[in-house]
Amino acid sequence: MSQYFPQIPVIRYEGPASREPLSFKYYNAGETIHGKTMAEQLRFAMSYWHTLCAAGTDMFGGDTSDKSFGSGDAASLARAKAGAGFELMNKLGIEYYCFHDRDIATEGETLAETSRRLDEIVPVLAELQQEHGKKLLWGTANLFANKRYMNGAGTSPRLDVYAYAAAQIKKAIEITVELGGRGYVFWGGREGYETLLNTDMKKELDHLAALMTMSRDYGRKIGFTGDFYVEPKPKEPMKHQYDFDAATTLNFLRAYDLLGDFKLNIEANHATLAGHTFEHELRVAAINGAFGSVDANQGDLLLGWDTDQFPTNVYDTTLAMLEILRAGGFTNGGLNFDAKTRRPSNRPEDIFLAYIAGMDAFALGLRLAARIEEDGFLTENLKQRYASFDSELGRSIMDGTATLESLAAYAESRPEPVADSGAQEYLEATLNQLMFG
Ligand code: XUL
Ligand code: CO
């Protein structure tokens, strides 16, 4: 098999004292942390689009790196990308990957030609998975790049566009099932609007829900037993996106009776664009029984767009891993690096260095989150903060026997309530002590 990254060795764990750039300092796949191996806790995945397709083009200039992997026509390019992707996963010890239909094979002139191209590459991926022990974390359909989707896909005002999207989703679910994918993602790229002057919001939401319902039904019919996910994002490319954040998306899923089959895929950079923290979005998903999977990246709070940077902020990864541990860890989901190297990081080794940075940041986050959980201070503090609800009266609120009269009688019998300190600064200092102690 040809080598696409001959200068890169297999990346090994060397520990925090190592100065070898091409080594892990914190990620030690087989080490047990909080009851499972790090590989199981973290379930890292490679994103096909950023890793094997994106080459640096932005609004002001073209590619700065080469992602052609030495190939020419569409078929050989698809094969080369697959080969490069599996070599990268092997060298980094990444077990899972994620793709859009259009990442694994470029679009042809017709739907039939596009399907033919997919049918050519999917067996190649299946064989590579088998040979290297890799798995598909999730698949999805790119329903946002082609011009036909400029007014939306599931929310397009045109039936022919909507039907085209349905055909694309049908095929994308089929190939996801064929490759044993445990998830199928809906990210509503252009499912939103710019102005209400040309938008029937109710119709668009009804149409979108119908498309998701049909997709769910078709997936179940052809044997998909994994999770469907919706990935919330508040804006970009559209001004108003229907899946603004976790809470908005859950309201949509509940309203159209899709909860259960659908969970959430929470992306860090989308959380901050929505004005939330990463851990807030994870908590909202978890307390609604909809914690599914994670797009691991980070944004830049000084910029207002989706920069999709590799995650390196250890406070963020620690607090995120704390939420993930408390949610019971991953079942079908994992940590997909929906992240790209910065435009000037244009050497092939920069991709490896970026993955190492992201994997180590999450590995360190896991180690610290486990330490925080095992210390128990924060959990105990939280328990004490709400302890008054453990009384008989408190319990009567949750078992439904309390009334406004019973609470009023209690309040009247008591002195003025105590205004307790939230002690935020003390807790933040203790968090530092627990992390760096
Ligand atoms: C876009 C984004 C997508 C989804 C999959 O912001 O995150 O790559 O993850 O379509
Ligand atoms: Co994403």
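A few notes on this one:
- For the stretch 340-387 versus the stretch 71-94, the inter-centroid distance based on Cα atoms is 28 Å.
- Cα lying deepest toward the dipole's positive end in the stretch 4-87, options Tyr48, Ala80, Ser65, charges on Cβ: Tyr48
- The charge dipole of the stretch 378-436, taken about the Cα centre with unit charges on the Cβ atoms of Lys, Arg (+1) and Asp, Glu (-1), comes to about 120 debye, rounded to the nearest 20.
- Each of Pro415, Ala429, Ser391 was placed along the dipole of the stretch 378-436 (beta-carbon charges, centred on the mean Cα), and the one lying farthest toward the positive end is Ala429.
- When both bridge partners sit in the chain, DSSP labels roughly 15% of those beta bridges antiparallel.
- As a ratio to 2.2 N^0.38 Å, the alpha-carbon radius of gyration computed for the stretch 312-437 takes the value 1.60.
- Against the criterion of solvent-accessible heavy-atom surface with a 1.4 angstrom probe, Asp160, Asp338 sort, most first, into Asp160, Asp338.
- Alpha-carbon centroid distance for the pair the stretch 390-437 / the stretch 143-181, whole angstrom: 49
- Highest average packing first - 399-407, 78-86, 283-291, Cβ atoms within 10 Å: 78-86, 283-291, 399-407
- About its Cα centre, the stretch 130-175 has a charge dipole of approximately 80 debye under the convention of +1 per Lys or Arg Cβ and -1 per Asp or Glu Cβ, with nothing else charged.
- Mean residue ellipticity, 222 nm, helices only, the chain: the sum of -39500 (n - 2.57) across DSSP H runs of n ≥ 4, divided by residue count and rounded to 500, is -14500 deg cm²/dmol.
- Measuring between alpha carbons in the structure, the pairs from Lys202/Lys263; Lys235/Lys340; Lys170/Lys239; Lys233/Lys263; Lys134/Lys233 lying more than 26 angstrom apart are Lys170/Lys239; Lys134/Lys233.
- Given charges at beta-carbon only (K, R positive; D, E negative), |dipole| of the chain in Debye: 820
- Peptides 37-46, 298-307, 202-211 ranked from most to least packed, by the mean per-residue count of other Cβ atoms within 10 Å: 37-46, 202-211, 298-307.
- For the chain, diffusion coefficient by Stokes-Einstein and Kirkwood Rh (Cα), 4 °C, 1.567 mPa s, µm²/s: 55
- When the stretch 12-375 is described by a simple charge dipole with +1 on each Lys and Arg Cβ and -1 on each Asp and Glu Cβ, the residue from Thr307, Trp138, Ile94 located farthest towards its positive end is Trp138.
The values are calculated or read from the model by the stated rules, or taken from the named source; none is laboratory data. What you see is a predicted model; the values in this text were computed from it and never measured. Every residue, glycine as well, gets a Cβ built from its backbone with ideal geometry; the counts of neighbours run over all protein chains shown. Each accessible area value is taken on the protein alone, full model and side chains, heavy atoms only, with ligands, DNA and RNA left out. Shrake-Rupley method; radii C 1.70, N 1.55, O 1.52, S 1.80 Å.
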